[in-house]
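The values are calculated or read from the model by the stated rules, or taken from the named source; none is laboratory data. The model shown is predicted, which means the values in this text are computed figures rather than measured ones. Cβ placement follows ideal geometry from the backbone for every residue including glycine, while neighbour counts extend to all protein chains displayed. We work out accessible area using only protein heavy atoms, side chains counted, and drop any ligands, DNA or RNA first. Shrake-Rupley method; radii C 1.70, N 1.55, O 1.52, S 1.80 Å.
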Amino acid sequence: MTAKRSELKRQLLEQARQRPSARSVSNIGLAGQASRPASRKVPERFTRFDAHPGYQQIALMRQGAEQLGLKDPFFKVHEGTAGATSVIDGRTCINFASYNYLGYSGDPRVNLASTQAVEQYGTSVSASRVVSGERPIHQQLEQAIAKAYQVDDAVVFVSGHATNVSTLGYLLGPKDLIVHDAYIHNSSLVGAQLSGAKRMSFSHNDLASLDALLERHRHQFERTLVVVEGLYSMDGDIPDLPELIALKNRHQAWLMVDEAHSFGVLGDTGLGLREHFNIDPREVDIWMGTMSKTLSGCGGYIAGSVPLVETLRYFAPGFLYSVGMPAQVAAPSLKVLELMPEEPERVEKLQAVSRYFLEQANARGMDTGPSIGAAVVPVIVGSSPLAAQLSHALFEQGMNVQPILHPAVPEKSARLRFFISCEHTQEQVDQTLDALEDLLSNA
Ligand SMILES: Cc1ncc(COP(=O)(O)O)c(C=O)c1O
């Protein structure tokens with residue numbers, strides 16, 4: 001018996017020696033060559049970071065910029081608070097590249113809340129919240145978010161991106177379906193991939209095609225989640241929330257709305273998409289948002305029912321296995337949530353100056369796509385080199401706006417993307433659009 005076993009072991013070892021494992025074959029890209037004698041030499045390109053496709057793409061981009069005589073438009077260093085104006089390279093410029101929508105980042109009251117939190121709690125909570133990282137300020141912030149949404153509860157994560165990754169990745173599985181708008185943020189895509197659920201996208205804001213998709217496929221899956229954004233950050237347009245709610249109810253699906261850009265921007269008091277449409281917030285299953293925009297901090301949140309929030313608090317990997325939010329990061333968002341209801345004029349100003357921007361851009365014949373004129377307005381110029389050149393030339397004249405280039409958007413819709421703050425003035429808008437009009441007429 002023992003001799004038989006050791007003979008079997010010897011044969012298995014011999015077979016293993018002769019056959020490279022499936023894992024090592026696919027890792028070095030040699031799948032399909034398994035029948036050839038295995039060479040142990042790995043091509044050098046698989047051992048070098050400078051041969052990585054990502055790095056090669058950066059090199060190509062830099063080469064293109066150099067040929068056009070442009071500086072790399074990314075990683076510009078802002079030397080202070082980035083609001084309607086910002087200091088870059090020692091120069092104050094009009095700034096349309098930051099999502100400080102209600103101007104609270106840099107507000108002395110918000111800064112003070114943060115420094116007081118550091119004094120009270122130190123700079124790190126030094127553990128996952130589940131195991132000794134919990135502080136009163138976490139619960140205060142979550143209660144304030146739940147109150148803003150008029151739902152049962154909320155949970156905050158240390159990153160907005162990780163919020164979507166963990167939430168989708170944990171809640172859905174291989175027997176489920178995720179249907180999302182084609183323009184959904186990368187964080188939701190990555191979360192959907194992680195979940196192992198079947199993923200399908202529908203054309204941007206095309207709810208008839210969403211309906212058709214659900215009609216055809218919903219019954220083949222257990223759970224189904226529809227994911228949309230409250231305000232799309234490339235185009236500045238919004239989904240039809242009442243119609244989405246009707247659809248998701250008809251098809252027994254959950255609806256998740258990512259309010260990264262709509263909270264603070266839409267609705268009379270900035271309470272987001274549901275205030276804009278005057279919808280009962282409990283009609284949406286999962287409200288998601290980030291603290292990095294209007295809320296002037298960092299991190300993300302999920303707001304909704306007790307079972308949803310509790311499940312994520314106990315099991316979402318990006319919450320359970322990650323440190324709790326530092327108090328000085330939680331405090332500014334808590335303060336903003338306290339200030340927002342007292343200062344609705346900020347939302348009013350943001351909406352007025354955004355509408356003004358849209359009207360003035362259109363009056364000058366600029367293509368602003370489907371933007372509704374709420375904090376995000378693109379000017380589509382149709383070519384990545386032109387968008388990069390315009391951004392560079394505007395910067396030379398003291399105006400900072402980010403170009404959005406292929407592959408972030410299709411080449412024909414390369415654009416300048418303007419983020420507007422309640423602190424922008426009509427004069428700043430006029431000055432910028434005049435300069436852009438001039439540049440476009442000479443392009
Ligand atoms: C729609 C949307 N969701 C999620 C995120 C991720 O948020 P954060 O940058 O706060 O991690 C972003 C980032 O801008 C976003 O635009």
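At a glance:
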{"quantity": "Gained length - LYS76 relative to GLU310, 0.36 nm times residue gap less alpha-carbon distance", "calculated": "80.2 nm"}
{"quantity": "Anisotropy class of the range 284-377 from Cα gyration tensor, a/c 1.5 cut", "calculated": "prolate"}
{"quantity": "Area accessible to solvent at ARG199, 1.4 Å probe radius, in Å²", "calculated": "100"}
{"quantity": "Highest-MSF residue in the chain out of LEU231, LEU295, LEU271 [GNM, Cα springs under 10 Å]", "calculated": "LEU271"}
{"quantity": "Value of [θ]222 nm, deg cm²/dmol, for the chain, DSSP H segments ≥ 4, -39500 (n - 2.57) each, nearest 500", "calculated": "-13500 deg cm²/dmol"}
{"quantity": "Relative contact order (percent, whole number), the range 90-235, Cα cutoff 8 Å, 6+ residue spacing", "calculated": "17"}
{"quantity": "Debye intensity ratio I(q)/I(0), log10, the range 361-443, q values 0.20, 0.21, 0.24, 0.26 Å⁻¹ (C-alpha model)", "calculated": "-0.90, -1.00, -1.32, -1.53"}
{"quantity": "Percent of alpha-carbon pairs separated by more than 18 Å within the range 233-300", "calculated": "37"}
{"quantity": "Point-to-point label distance, TYR55-LYS41, nm (Cα→Cβ direction, 7 Å offset)", "calculated": "2.1"}
{"quantity": "Accessible area expressed per residue, the range 91-161, with surrounding protein chains retained (probe 1.4 Å, Å²)", "calculated": "45"}
{"quantity": "Carbon/sulfur fraction of accessible area - the chain, other protein chains in place, 1.4 Å, %", "calculated": "53"}
{"quantity": "Paramagnetic reach from GLU359 (point 7 Å along Cα→Cβ, amide N under 18 Å) across the range 424-443", "calculated": "424-434"}
{"quantity": "Computed lengthening from ARG91 to ASN278, 0.36 nm per intervening residue step minus Cα-Cα distance", "calculated": "63.0 nm"}
{"quantity": "Largest-first principal axis extents, alpha carbons of the range 297-443, Å", "calculated": "58, 38, 27"}
{"quantity": "Theoretical FRET efficiency, 1/(1+(r/R0)^6), r = Cβ-Cβ of GLU338 and LYS412, R0 60 Å, to 0.05", "calculated": "0.85"}
{"quantity": "Most fluctuating residue given options GLN360, GLN56, GLN150, as computed from a GNM of the chain linking Cα atoms under 10 Å", "calculated": "GLN56"}
{"quantity": "Total formal charge among the other residues, if their Cβ is under 12 angstrom from that of SER441, Lys/Arg +1 and Asp/Glu -1", "calculated": "-2"}
{"quantity": "Whole-number percent relative contact order across the chain, with pairs defined as alpha carbons under 8 Å at least 6 apart", "calculated": "19"}
{"quantity": "Rounded to 5, percent antiparallel among DSSP beta bridges of the chain", "calculated": "55"}
{"quantity": "J(HN,Hα) series, the range 279-286, from Karplus relation 6.51 cos²θ - 1.76 cosθ + 1.60, nearest Hz, glycine and proline x", "calculated": "10, 5, x, 6, 6, 9, 6, 9"}
{"quantity": "Exposure of CYS422 as accessible area (Å², to 10), given a probe of 1.4 Å and all protein chains", "calculated": "10"}
{"quantity": "Where only C-alpha atoms are counted, convex hull volume of the chain per residue in Å³", "calculated": "208"}
{"quantity": "Gyration tensor verdict on the range 350-399 (Cα atoms; rounded if a/c is under 1.5, prolate if a/b is larger than b/c, oblate otherwise)", "calculated": "prolate"}
{"quantity": "Coil-residue GluC sites (Glu not before Pro) of the range 317-378, DSSP, other Cβ within 10 Å capped at 13", "calculated": "none"}
{"quantity": "Whole-number Å³ per residue for the convex hull built on Cα positions in the range 126-228", "calculated": "126"}
{"quantity": "Cut-off 20 Å, label 7 Å out along Cα→Cβ of ALA246, residues of the range 190-210 by amide N", "calculated": "202-210"}
{"quantity": "Within a Gaussian network of the chain (alpha carbon springs, distance under 10 Å), most fluctuating of VAL227, VAL131, VAL155", "calculated": "VAL131"}
{"quantity": "Cα-centred dipole magnitude for the chain, charges only on beta-carbon of K, R (+1) and D, E (-1), debye, nearest 20", "calculated": "3180"}
{"quantity": "5 angstrom amide H check on PHE418, placed H, neighbours 5+ away", "calculated": "VAL377, VAL379"}
{"quantity": "Calculated FRET value between GLN150 and SER126, using beta carbons and R₀ = 45 Å, to 0.05", "calculated": "0.85"}
{"quantity": "Of LYS147/LYS349; LYS147/LYS335; LYS175/LYS248, pairs whose Cα-Cα distance is over 21 Å", "calculated": "LYS147/LYS349"}
{"quantity": "Karplus (6.51, -1.76, 1.60) ³J(HN,Hα), θ = phi - 60°, over the range 65-78, in Hz, Gly and Pro reported as x", "calculated": "4, 4, 4, 8, x, 10, 7, 4, x, 9, 6, 5, 9, 8"}
